[in-house]
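The values are calculated or read from the model by the stated rules, or taken from the named source; none is laboratory data. Everything numeric here is computed off the predicted structure, so don't read it as measured data. Glycine also receives a Cβ, built like all others from the backbone with ideal geometry; neighbour counts cover every protein chain displayed.
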Amino acid sequence: MPIITFLPMDKSITVPRGTSVLAAIREAGISFSAPCGGKGSCGKCVMEEVAGLAPETKAEEDALNSHQLGKPMRLACQARICHDAVVRLPVPAFSDERKTLLHRNISFHIDPRFTRERIRLEKATVLEPSSLVSRIRESLKREGKTWINIDLKHLRQIAMTPMENVAGLFLDHDLVDLYQDGCEKKVYGLALDIGTTTMVMYLLDLDSGRQLAVSALANPQASFGADVLSRISSMRRNPDNLTLLHTVLIEGINRLITNVTALAGIPQDAIYDLVAVGNTCMTHFFLGVSPASLAVAPYHAIQEQPVEVPAADLKIAMNKNGLVRTLPGIRSFVGADTVGAILAAELHKSPKTVLLIDIGTNGEIVLKTPAGMAACSTAAGPAFEGATILHGMRADMGAIEGVSISENKGIEIKTIGNGKAKGICGSGLIDAVFVFRQLGLMDATGKIIPVEQAPGVLAHRIIPWKKGRAIILAAKEETDTGKEMIITQQDIRQIQLTKGAIQAGIAVLMMELGVEKEELDEIILAGAFGSYISRVSARGIGLIPPVELEKIVSFGNAAGEGAKKTLLSKREYQESLALAQKVKYIPLSAHKSFNHLFLKGMHFPVLDC
Ligand code: FES
């Protein structure tokens, strides 16, 4: 069997002859982006052939010719391994800062589930030979702990441990660990937000509630597709992929644990508690439970109740007696991340009418009114993550993050890091589309206008592209490759699909709860993406309702903040359980007005002159 070697990590594995490079990448557990899941349609799984792959396929020629001329670039999902081969994979630049930003201060009472208690034993006497466990219970009762559970494992440990000056670590009422009293026993916890595209982990001191470290990582499932449906379908095509999808996720989480513990300088076995949130599909993959039922009508989950499992069962790199928990989901695709976001934004306590939008690869929307709360999920798709856009990329160094109109009515770009442009991220796309509308380069249906109708100074920006047109966003001298960066008609259609889905989701919730746009007191944009999009552009293209700008606020990673709250506070955790029951789930696919609103939402608003 041939050997494939991956650079720059210098990792080699043996694979059956004819295996695709993408399948080998997955097998090797390497993080790699394959947005269409290997169907050959996105042209984004580009890597460099160093030696030995089978000849280029037609699909590769079509996808690569225009961009990678003269370089041995290949599509990982199409290129086959027939002999020993060597390939070089792109190393993703990754900026933690954008994923972990928080715009609001949150305060709550710290009351973690893991607590420590001293054990001060009365001596047993011949006249009163109380058992060791009875005396431990009495000691803890004196400290205010009215009952405790000691399982067989710890009963055996107690019988073999000198019980002078010991203390116990408890999870609620269960004894978890015995240790020598007086030695400092620090206890830490993790809050984890498993996003479809990005995972974010926070390390917290469970005594003080202090955040000690934070780290983010691209979701390692990206080689199975950019969105949840691609990953589910890869699993349905090959059931073995469920194990792979679960394993790469756990490996990624363990990498995050390595990062945060190294940053804080603490041992991994001092971590006892982990609270995870994510959309329903992600929490299923996290637990190793097939989410296939989410992809077919009636789109139900296997599990939406909260789960608690020993960390060892999931092979999470923390204390072997540690606990892993997931928050409850609401229904179908509206998962634990939405419950976390509601909890963090305290929508359930707000007397106002508030719309919360968490735009990720899935868009979750919650509408809270004084009368109640409803939520829905839209398949926003990965366009805003750059996955289905010709020059799209994630919000990393070199991404065009902002587009504006220059003084002479031209187009100005701004990149992350202020260097040459490497691609366009979601906030740049929203700005670009709004600017195109304002400059008259695109009509309200999203169609790029013919060059002869373009204003003189901008006419050079409109070029023919395949069977349609494209708009040059960045000139050759502004880009990393020295080639023009364009937004194609197809790109604009992808943005319209995403926008249409989110806009329709919002409209359905407002219709269901009888809310007019004038009644909205606040629109909260949650998630990393919500923190960076321009409120003016988002409103200008109709992504969010046309309310006064002051009513639109960014929150940051609300789902992650919700996970932190429930990690640090029993009360908040209980609140999350009750909350999940209170939110009315609105299934968009079954809603009579959704299709009509979706088509309407694809259009861009008429601009004020
Ligand atoms: S073209 Fe290979 S993953 Fe999309």
- Ile13 passes all but one of (1) within 14 Å of the ligand (Cβ to nearest atom); (2) in contact with a strand residue (DSSP E or B) (Cβ under 8 Å, 6 or more places away or on another chain); (3) among the aliphatic types (A, V, I, L, M); which number fails? (1)
- Note on the structure: Those residues of segment 231-249 that are crowded, with 24+ Cβ neighbours inside 10 Å and within 15 Å of the ligand (Cβ to nearest atom) come to a total of 1
- Query: Which residue out of Ile357, Ile266, Ile316 is in a strand (DSSP E or B) and in contact (Cβ under 8 Å) with a residue 40 or more places away in the chain?
  - Reply: Ile357
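Please verify whether Glu27 is assigned to a strand (DSSP E or B) and away from the ligand (no atom under 14 Å from the Cβ), treating the condition exactly as stated.
No.
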- Query: Which condition number in (1) out of contact with any helix residue (DSSP H, G or I) (no Cβ under 6 Å at 6 or more places or on another chain); (2) crowded, with 17+ Cβ neighbours inside 10 Å is the one that Ile448 fails?
  - Reply: (1)
- Give, as residue ranges, the strands (runs of 3 or more DSSP E) completely inside segment 32-127 that count at least 3 residues that are modelled with pLDDT of 80 or more and within 16 Å of the ligand (Cβ to nearest atom). 46-51, 73-75
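Consider Arg231 carefully, then state whether it is of a type in the set (D, E, K, R) and either closer than 18 Å to Val289 by Cα or touching a residue at least 24 places away in the same chain (Cβ under 8 Å) (or both). Working first, answer last.
Working: of a type in the set (D, E, K, R): yes; either closer than 18 Å to Val289 by Cα or touching a residue at least 24 places away in the same chain (Cβ under 8 Å) (or both): yes.
It is true that Arg231 is of a type in the set (D, E, K, R) and either closer than 18 Å to Val289 by Cα or touching a residue at least 24 places away in the same chain (Cβ under 8 Å) (or both).
Would you check which residues across segment 434-448 are touching a strand residue (DSSP E or B) at 6+ places or on another chain (Cβ under 7 Å) and more than 16 Å from Ser406 (Cβ to Cβ) and list them?
Kept after step one, since they are touching a strand residue (DSSP E or B) at 6+ places or on another chain (Cβ under 7 Å), are these residues of segment 434-448: 435-436, 438-439, 441-442, 448.
The answer is Met442, Ile448.
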- Query: Only one residue in Ile150, Ile158 is over 30 Å from Ala380 (Cα atoms), modelled with pLDDT of 90 or more, surrounded by 13 or more Cβ atoms within 10 Å (Cβ to Cβ) and in contact with a Leu (Cβ under 8 Å, 6 or more places away or on another chain), so which one is that?
  - Reply: Ile150
- Among the residues of segment 498-525 satisfying the criterion of being hydrophobic (A, V, I, L, M, F, W, C) and either free of Cβ contacts under 8 Å to residues at least 12 places away in the same chain or not in a helix (DSSP H, G or I) (or both), which is surrounded by the fewest Cβ atoms within 10 Å (Cβ to Cβ)? Leu513
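For segment 319-331, which residues satisfy the criterion of being part of a strand (DSSP E or B), under 19 Å from the mean Cα position of the chain (by Cα) and at pLDDT 95 or above? Write out each step before concluding.
Looking only at segment 319-331, we keep the residues that are part of a strand (DSSP E or B), and these are 323-326, 331.
Checking which are under 19 Å from the mean Cα position of the chain (by Cα) leaves us with 324-326, 331.
Across segment 319-331, the qualifying residues are Val324, Arg325, Thr326.
Among what's in segment 333-361 and is polar (S, T, N, Q) and crowded, with 24+ Cβ neighbours inside 10 Å, pick the residue that is farthest from the chain's Cα centre (by Cα).
From segment 333-361, those polar (S, T, N, Q) are 338, 350, 353, 361; that's our starting set.
This time we only want the ones that are crowded, with 24+ Cβ neighbours inside 10 Å, so: 338, 361.
Details: Thr338: 12, Thr361: 8 Å.
Restricting to residues being polar (S, T, N, Q) and crowded, with 24+ Cβ neighbours inside 10 Å, the top hit is Thr338.
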- Message: For segment 526-575, give me each residue that is touching a Phe, Trp or Tyr at 6+ places or on another chain (Cβ under 7 Å) and either in a loop (DSSP other than H, G, I, E, B) or not small (Gly, Ala, Ser) (or both).
- Response: Phe529, Ile541, Gly542, Lys564, Lys565, Thr566, Glu572
- Among the residues of segment 204-226, write down those that are in contact with a Gly (Cβ under 6 Å, 6 or more places away or on another chain), on the phi < 0 side of the Ramachandran plot and part of a loop (DSSP other than H, G, I, E, B). Leu206
- List every residue pair whose Cβ atoms lie under 7 Å apart, where the two residues are 6 or more positions apart in sequence or sit on different chains, the first residue falls within segment 33-54 and is on the phi > 0 side of the Ramachandran plot, and the second residue, located anywhere, is assigned to a loop (DSSP other than H, G, I, E, B) and not acidic (Asp, Glu). Gly37/Gly225; Gly38/Cys77; Gly40/Cys77; Gly40/Gln78; Gly52/His83
- Message: Residue under question is Leu203, and the condition is that it be under 34 Å from the mean Cα position of the chain (by Cα), farther than 30 Å from Cys36 by Cβ and not assigned by TED's automatic domain parsing to the domain that holds Ala24; does it hold?
- Response: yes
